[in-house]
Amino acid sequence: LNADLLLRTSIFLNCLIFYQPGFVTSLLRLHVVTIGVGVLEQALSSGSEDAAGEVLGVLHGLSGHCDGQFAIAKVPSVVQTLVRSVCVLHDDANSLTACEVILVSSRVWCWLRAVRLG
């Protein structure tokens, strides 16, 4: 995907989540978290900060919903990608958004692990 398509796709998903929260369940069924992490990795590699910021917005929007929190926590590379985005991106708002999603996903991951071990 080129940078422009990455940006437009991410903006579209962001708008769906923000204006139509009922779409969250449908988006999760379409594996949008896994796709979003892949798009974020590509945006970071291509230096497209706008696209990366929009994808972080998508993940942040999903993390506000319980099902989205579990979906985010289950993606193996999500935390590494988010930490990389904090290191690579120059925008403080994007870095803060990434940190918030890391906190949500880490908290849910720890809870899932405790339930499995308990």
Name all residues of the stretch 1-34 having a backbone nitrogen under 20 Å from the label point set 7 Å from the Cα of His90 along its Cα→Cβ direction, giving them as ranges.
-> 3-4, 7
Cα shape, the stretch 9-77, gyration tensor, a/c 1.5 rule | oblate
Could you provide, to the nearest whole Å², the per residue accessible area of the stretch 9-51 with probe 1.4 Å?
-> 57 Å²
Counting residues in the chain as N, plug N into 2.2 N^0.38 Å and put the Cα Rg over that result.
-> 1.00
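Restricting to DSSP H runs of at least four residues, report the calculated mean residue ellipticity at 222 nm for the chain, -39500 (n - 2.57) per run over all residues, nearest 500 deg cm²/dmol. Write out the running numbers ahead of the final one.
On the way: 7 runs with 100 residues, N = 118.
Taken over the chain, the calculation gives -27500 deg cm²/dmol.
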Order of exposure, largest accessible area first, which applies to Ser10, Ser45 with probe 1.4 Å | Ser45, Ser10
Hey, rough spin-label estimate for Gln80 and Leu103, points 7 angstrom out along Cα→Cβ, what's it come to in nanometres?
-> 2.5 nm
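The values are calculated or read from the model by the stated rules, or taken from the named source; none is laboratory data. Worth saying up front: this structure is predicted, and the values here are computed from it rather than measured. Neighbour counts are summed over all protein chains in view; Cβ atoms, including those assigned to glycine, are modelled from backbone coordinates with ideal geometry. For the accessible areas, the whole protein counts, side chains as well, though only heavy atoms, and no ligand, DNA or RNA atoms are used. Shrake-Rupley method; radii C 1.70, N 1.55, O 1.52, S 1.80 Å.
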